[in-house]
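Quick notes on the structure that follows.
The values are calculated or read from the model by the stated rules, or taken from the named source; none is laboratory data. Predicted, not measured: the structure shown is a model, and the values here were computed from it. Cβ placement follows ideal geometry from the backbone for every residue including glycine, while neighbour counts extend to all protein chains displayed. Protein only, heavy atoms only, side chains kept; ligands, DNA and RNA dropped before computing areas. Shrake-Rupley method; radii C 1.70, N 1.55, O 1.52, S 1.80 Å.
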Amino acid sequence: MSSVDEGLILPDWYKSKDGKQYISSVFKGGKRKIFGFLERPAIAPQITPELKFFKIRLIGKSGVGKTSTVAKLTGQPAPRSHCETPGIISSVAYWPVKLKVTGKVFLLRLQFWDAGDNIAKKYDHIHPACRENADATLFLFSYVDRSSFLDLHKQLNDTTEDFSNTLRVIVGTKFDQSFRSEITSKELKDFQKQWKIPLLSVTNVHKTETDSGHIVTETCNDLNDVAPSLNRLCEYLLAYDMIKQGLLEDYPWVQTEVKPTEDDDSDLEATYV
Amino acid sequence: MAAHLVCLTNEGGVPLFSRSSGSTKPLAFAEQGMLYGVQMFAQNYGVTLQSTDTEDSKVAWRVFHDSIVLVLVQADDGSSHVHANTILEHVFQTMVMYLGLDSLVRLRNIERLRRDLRVCYPVIDSLLEDANIFDSISESVEVVAIPEAASLQDPLDSFVTECESTFGCVHCNGRLLVATPKWWGLSGQEMMLLSRLVRSLPKNSSSDIPVFLPHASPKVPHRLISVHLLSGLVVSVLCLDVPTLATVQSKLIESHWLPHFEMLKTCLRAPVTNIPKAIVVDPGILAFMVVNTNQHKCIVSCQLPIIEGSMAERRPLTVEKRRSILASFYRNTVGTIFPVVHSPERKDPSGERPSSLPHSAEEAYMNALDHKCYSICSQDFRLFVTFSAAVPHHAIRLVSQQFLESLKKDKIFIDLREKKS
């Protein structure tokens, strides 16, 4: 996985002593700190990193796990059972990362825009509101629902939407159940080859059965659970941002515009988290 | 106390959804069918089936607009059926709030309706829960009683005006902190359901949710925009096409609310006891609930501190216990001894039976081994108090009366609604 080793950011930085003083502003006592709109993580002024804003939009069919993915990434409890999202819910998470080359630290403010699929079809102000000025689009599919994967082609081909100005990432949910995956790894590989889009795989909830036979759903909110996913997502966002600014020439899987697909694709490997 | 709710179509009994409180096992399909069957049998003979009691539970049925059947199964606590009916009414109005009345009266695509109804689950689940039941059984909105809230009135008014609306409010930990006059003018049920909707949102979110107002606008949707200023403190505004959520976030929030950051923090840190500052609470009081039935506001406090060396300390009751005592006292008093006060908007038959008393009761009490309860029913106010068992019996009446008198005078019960011209 050469592309991962030569990554843009330090993946294990959050465990280091240097990283801890930043992480402690967003994680306390093993729990994510929750910030309202008027609040910011408190970091000592001498080490205050540059703040970067990203608007991230989620697309995927109803029940695929949009809300749970956002809950995991922003440190909120995931819904216990499947509920439709009643409108647009946009949640905020902060995450610090350190660049490998320059050693510069960035604090990313990720704002996820999640809208219920059914409600968006009913009211026509919802899609435009999510689309407006989005920096990235996450396309979600579930490893245990083949149709959600097949839908991706349709969503990426959607002519009413213009994704050329956003970073595109596909997100596979319910990765813990990938042993009964309905999608082969070859299909995933081919899909990535065709679209040149990075893949992020997530497990949002742990389901455990108690002695009394109830299924208890727990959100995977531990630092070690979320850090790899957040790092990965932030890495793509930063790369995309730097390419746009001309600071970086190219980065595996990240495109600023739709390029022709005849590039040399020797280094194709599904990049699991 | 376990509760089950089943929702079916009246024509054909197609199950739309079923919910169960807490970790209880959901009802089996056959049981749901049976509950519908009994109701349908009665209906075929021109009889309306309202409720029944089994050995240990109560069952209540309601048909709404000849299209939706709701059935509630609850453990029997000896209370009046009025309260089960109230919960069913709230559940139906929750469905109206999210989907609009039209799509519930004329059922077209059942499969789609079933999917659409999933948006209601968080609020419906909260209605079936026991922990925060006071606002729903009293059809009023729970408020936070702190004097600092008044200084947020002006910022709220100007923010709401900027959003081209007149309906707006701020919730603090799920309870109403401050609202515009129009918001206070909504029915108790609407304010209560909107509070529960806001409570169901993630605490780091801003949201834009289409809602119908069950009484004021059951057929035309509005957009409820809610933004968490601090984690646990939300400002909400009801608007039509403008402004967009992005505009509110980027242009209006910081300019209107950042100058009041410290004040917002103070409100968020308000003590959980929720007692207006000027009021002295007798140390024997463990929990209380006061409802203004005219303005549809209530204050609930089950976490009163136990003063060291006081009589209450001898046999302390947990917060959970106090809450359940107070709730069960309310349920057993209202509807049997005190008449029920519904919002004027509510037109359904509430299931209330004519009082068995030849006169109208004004006060009621109850004594138990480890606590005492006292309640007063006056013109616009109802007070329910749980005392420590150590408080002498002859004192609880006087203490309750004085307590209510001082509560009545508090700022929190100033009528802020717009005067009807």
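Where in the stretch A:1-95 are there GluC sites (Glu not before Pro) that are in a DSSP coil and have at most 10 other Cβ atoms within 10 angstrom of their Cβ? Walk me through the intermediate numbers first.
Numbers: sites: A:6, A:39, A:50, A:84; in loops: A:6, A:39, A:84.
Passing both the DSSP loop test and the Cβ count: A:6.
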Quick one: of A:104/B:251; A:122/B:251; A:154/A:189; A:17/A:104, which pairs are farther than 20 Å apart, Cα to Cα? A:104/B:251; A:122/B:251
Along the charge dipole of chain B, pointing to its positive end and built from +1/-1 on Cβ of Lys, Arg, Asp and Glu, which listed residue (B:69, B:98, B:263) has its Cα farthest out? B:263
With +1 on the Cβ of every Lys and Arg and -1 on the Cβ of every Asp and Glu, and nothing else charged, how large is the dipole of the protein assembly as shown about its Cα centre, in debye rounded to the nearest 20? 920
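Using a 1.4 angstrom probe on the protein heavy atoms only, could you order A:98, B:182 from most to least accessible area?
Details: A:98 40, B:182 80 Å².
Result, largest first: B:182, A:98.
Restricting to DSSP loop positions (anything but H, G, I, E, B) with no more than 16 other Cβ atoms inside 10 Å of their own Cβ, which GluC sites (Glu not before Pro) remain in the stretch B:70-164? Can you show the working numbers first?
Values: sites: B:89, B:111, B:129, B:139, B:142, B:148, B:162, B:164; in loops: B:129, B:139, B:164.
When the GluC sites (Glu not before Pro) of the stretch B:70-164 are filtered for loop state and at most 16 Cβ neighbours within 10 Å, B:129, B:164 remain.
About the Cα centre, and with charges only on the beta carbon of Lys, Arg (+1) and Asp, Glu (-1), how big is the dipole of chain B? Nearest 20 debye, please.
On the way: 40 positive and 43 negative charges, 43 e Å.
Approximately 200 debye in magnitude.
Report the relative contact order of the stretch B:219-312, percent, no decimals, based on alpha-carbon pairs under 8 angstrom and at least 6 residues apart. Working shown, then result.
On the way: 81 pairs, mean separation 18.2, N = 94.
Value for the stretch B:219-312: 19 percent.
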Burial order of peptide ranges A:129-135, B:103-109 (average beta-carbon count within 10 Å, highest first): A:129-135, B:103-109
Averaging sequence separations of C-alpha pairs under 8 Å and six or more residues apart, then dividing by the length of chain B, give the relative contact order as a whole percent. 14
Assuming 0.36 nm per residue, please report the length gained on full extension of the stretch residue B:41 to residue B:109 beyond their Cα-Cα distance. 21.9 nm
Please identify the chymotrypsin sites (Phe, Trp or Tyr not before Pro) of the stretch B:1-108 that satisfy two criteria: DSSP loop assignment and at most 12 other Cβ atoms within 10 Å. Which are they? B:45
Exposure ranking of B:183, A:195 by accessible area [1.4 Å probe, largest first]: A:195, B:183
Shielding by partners for B:211-223, please: the mean number of other protein chain Cβ atoms within 10 Å of each residue's Cβ. 1
Taking the full set of protein chains and a 1.4 angstrom probe, give the accessible area of residue B:387 in square angstrom, rounded to the nearest 10. 0
For a quick protection proxy, order the peptides B:393-401, B:51-59 by their average other-Cβ count within 10 Å, most packed first. B:393-401, B:51-59
Note down the accessible area of residue A:33, probe 1.4 Å, to the nearest 10 Å². 70
Descending accessible area (1.4 Å probe), largest on the left, turns B:90, B:342 into B:342, B:90
Near residue B:25, which lysines are there with a Cα under 30 Å away, not counting those fewer than 8 places off in the same chain? A:61, A:66, A:72, A:174, A:207, B:58, B:203, B:321
When the helix-only estimate is applied to the protein assembly as shown (DSSP H runs of n ≥ 4, each -39,500 (n - 2.57), divided by the residue count), what is the mean residue ellipticity at 222 nm, nearest 500 deg cm²/dmol? -8500 deg cm²/dmol
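Size of the dipole of the stretch A:2-250 about the Cα centre, Lys and Arg at +1 and Asp and Glu at -1 on the beta carbon, nothing else charged, in debye to 20? Write down the numbers at each step before the final one.
Details: 34 positive and 30 negative charges, 90 e Å.
Once rounded to the nearest 20, the dipole reads 440 debye.
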